[in-house]
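What follows is a set of notes on a single structure, which appears directly below.
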Amino acid sequence: MREIIFESENLKVVKVAGTRAGVAFVTFEQMRPQEHCIPGRDGFGEVFFAKRGFTAYHFLPAGNDWYHYPETAQALALVRADIPPDVRVVNYGASMGGYAAMRFSEPLSAETVFALAPQASVDPAIVPWEKRWGPRGPALLWDRQAPRRAARHFVIYDPLSQDRRHIELLQREVPMTVMFSYFSDHHTTEYVQESGLLQQMLLDLAEDRFDPAALQAELWRRRRSTSVYHFVRPRKVRRGLRRLRYYALERLLDWRYRPVRRPEDGGGPTSVAPAG
């Protein structure tokens, strides 16, 4: 059943109760075209979690304001109070939603954070080099709210993009396990989804069996199955020196993430090389 547990002019939080016990997801939307911010829209990953019986809470902002609303703290407190203390909380979001998933991990007492291309800040004083987006108003309420250090943070991003600078800032605040979506630019969510691994990653997180090294290797090997890779990579190799650099990088990664054949498994490619 879909239930609104918080609603204001700026923010709505929807709960969809599931049948599976032991884990609850809290999701945060990424930026979207304003015309797509319709009141009755689904939350981030709502259909997926509902079909698989997971309880999920979906934060739906009225606009692309990076959740900088005074009432956000009240909404977070209501969600935390609604989740039983013995249930693991997994925060999940991408870009603006990844920012929120990390920044709000402390008030939600999240055990795990899964963030795709999370941004560290939208404060021009902190990220003066970030010109892609910025604060939509004067209030910057959550930039300095540190992520929960007790949580496990799993982050996927393209180290060849400007997102690298955001991750470097976040790594100064909290330890994290990083995975790379090479040649995705900021389209990390689409890249991972098109690879066919996003659903597996979410299920692995729910069942507490997430294996970053194996998933990283498989994500690299599936890159050519994504339209994002075929769109982004040609844009990075227009000049001779860069073309050579990225050719060498791909060959190195092909070797690093190659299947490992073990004699005890009959010589089949049953494991992967570690993600170094």
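The values are calculated or read from the model by the stated rules, or taken from the named source; none is laboratory data. The model shown is predicted, which means the values in this text are computed figures rather than measured ones. As a convention, Cβ positions derive from the backbone with ideal geometry for all residues, glycine included, and neighbour counts pool all protein chains shown.
The table below gives the values:
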quantity	calculated
Answer from 22, 45 - the residue that is small (Gly, Ala, Ser), assigned by TED's automatic domain parsing to the domain that holds residue 140, surrounded by 14 or more Cβ atoms within 10 Å (Cβ to Cβ) and closer than 19 Å to residue 112 by Cα	45
Subset tally (residues that are within 18 Å of residue 213 (Cα to Cα) and either of a type outside the set (A, V, I, L, M) or at pLDDT below 60 (or both)) for segment 242-276	17
Which listed residue, of 159, 175, is touching a His at 6+ places or on another chain (Cβ under 9 Å) and assigned to a loop (DSSP other than H, G, I, E, B)	175
Pair list, Cβ under 6 Å, 6 or more apart: segment 64-87 residue farther than 11 Å from residue 107 by Cα, other residue assigned to a helix (DSSP H, G or I) and of a type in the set (A, V, I, L, M)	66/96; 67/100
Lone qualifier among 19, 55, 72 - being under 20 Å from residue 142 (Cα atoms) and out of contact with any Ser or Thr (no Cβ under 7 Å at 6 or more places or on another chain)	72
Among the candidates 20, 2, 88, residue that is of a type in the set (Lys, Arg), touching a strand residue (DSSP E or B) at 6+ places or on another chain (Cβ under 7 Å) and more than 30 Å from residue 158 (Cα to Cα)	2
Filter result for residue 53 (at pLDDT 95 or above and in a loop (DSSP other than H, G, I, E, B))	yes
Scope segment 238-260; condition of a type in the set (Phe, Trp, Tyr) and either part of a helix (DSSP H, G or I) or surrounded by fewer than 13 Cβ atoms within 10 Å (Cβ to Cβ) (or both); matching residues	246, 247, 255
Checklist (1) within 30 Å of residue 24 (Cβ to Cβ); (2) assigned by TED's automatic domain parsing to the domain that holds residue 63; (3) part of a helix (DSSP H, G or I); (4) not basic (Lys, Arg) applied to residue 153, failing item	(3)
Scan of segment 82-136 for residues that are touching an Asp or Glu at 6+ places or on another chain (Cβ under 6 Å) and either in a loop (DSSP other than H, G, I, E, B) or among the aromatic types (Phe, Trp, Tyr) (or both), ordered by number	117, 121, 123, 136
Any hit, segment 26-35, residues being more than 27 Å from residue 172 (Cβ to Cβ) and in contact with a Phe, Trp or Tyr (Cβ under 6 Å, 6 or more places away or on another chain)	no
Selection status of residue 153, buried (at least 17 other Cβ atoms within 10 Å of the Cβ), within 24 Å of residue 215 (Cβ to Cβ) and out of contact with any strand residue (DSSP E or B) (no Cβ under 8 Å at 6 or more places or on another chain)	no
Of all residues in segment 1-19 being of a type in the set (Val, Ile, Thr) and under 18 Å from residue 76 (Cβ atoms), the one that is surrounded by the most Cβ atoms within 10 Å (Cβ to Cβ)	13
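This table checks each residue for (1) without any contact (Cβ under 8 Å) to a residue 24 or more places away in the chain; (2) surrounded by 18 or more Cβ atoms within 10 Å (Cβ to Cβ); (3) among the aromatic types (Phe, Trp, Tyr); (4) at negative phi.
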{"position": "183", "(1), (2), (3), (4)": "no, yes, yes, no"}
{"position": "193", "(1), (2), (3), (4)": "yes, no, no, yes"}
{"position": "196", "(1), (2), (3), (4)": "no, no, no, no"}
{"position": "208", "(1), (2), (3), (4)": "no, no, no, no"}
{"position": "221", "(1), (2), (3), (4)": "no, no, no, yes"}
{"position": "227", "(1), (2), (3), (4)": "no, no, no, yes"}
{"position": "236", "(1), (2), (3), (4)": "no, no, no, yes"}
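Residue-by-condition table, conditions (1) touching a helix residue (DSSP H, G or I) at 6+ places or on another chain (Cβ under 7 Å); (2) modelled with pLDDT of 95 or more; (3) farther than 27 Å from residue 179 by Cβ:
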position	(1), (2), (3)
34	no, no, yes
37	no, no, yes
64	yes, no, no
70	no, no, yes
82	no, yes, yes
87	no, yes, no
